[in-house]
Amino acid sequence: MDRKNKPLGDLSTNFWSKEFRCICPKCRRKKVRVSDLLLFKLEMLRISLGNKPIIILSGNRCPEENKHIGGHPDSAHIPTPAGKGADVKIKGVKPIDIGLAAEKIGGMRIGIAKWGCHLDVKPPSPSRFWIYVGKKPIYSAKIENESLLKFYKIVMGKEGK
Ligand SMILES: [Zn+2]
Ligand SMILES: [Zn+2]
């Protein structure tokens, strides 16, 4: 393969399985499985936001780990058999802007939090949208950018940086 076009990551051009590994000790040797569709969307997201590295805060989660951290029982992070969700952040990009870029790409469910965004390609998709305060989703709707931005400002106030 041409060196220049060689994918860097072992999952896709920019993503490595180690980034998506469940963090619990039991999963250390387990094969990491991530939905190809999710990887494709994440690569598109990266390009659409200026090719800045996307930091994976949480990828796969086994059911035990998901329960442990208080995740939704039906979480897209749980591989079935591939994980369809990721929590991401990008240095220097506001979570709301990640969310809006993801919405433009389409076909993702989007959760916006202070720490970044939850993105997944689990049905029903596209476009279920929610905002978290702490762990609680307090707004859930089809994305309509104007009302979303207004709502985001109200909820996040000065912290919505
Ligand atoms: Zn695990
Ligand atoms: Zn998540």
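The values are calculated or read from the model by the stated rules, or taken from the named source; none is laboratory data. The structure presented is a predicted model; accordingly, all values stated were derived computationally and were not measured. With ideal geometry, Cβ positions are generated from the backbone for all residues, glycine too; neighbour counts draw on all protein chains shown. Remember, those area values only see protein heavy atoms, side chains included, never the ligands or the DNA or RNA. Shrake-Rupley method; radii C 1.70, N 1.55, O 1.52, S 1.80 Å.
Quick look at the numbers
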quantity	calculated
Computed accessible area, Ile90, all protein chains, 1.4 angstrom probe, square angstrom	10 Å²
Positive-end residue, segment 35-82 charge dipole about Cα centroid, Cβ charges, pick of Ile55, Leu38, Pro81	Ile55
Gain in span if fully extended, Lys30 to Thr80, counting 0.36 nm per residue against the direct Cα distance	16.6 nm
Per-residue SASA entry for Ser75, accessible area with 1.4 Å probe, Å² rounded to 10	20 Å²
Of Lys26/Lys114; Lys41/Lys91; Lys91/Lys114, pairs whose Cα-Cα distance is over 23 Å	Lys26/Lys114
Accessible area per residue in Å² at 1.4 Å probe, computed on segment 5-92	61 Å²
Accessible area of His68 in the full protein assembly, 1.4 Å probe (Å², nearest 10)	150 Å²
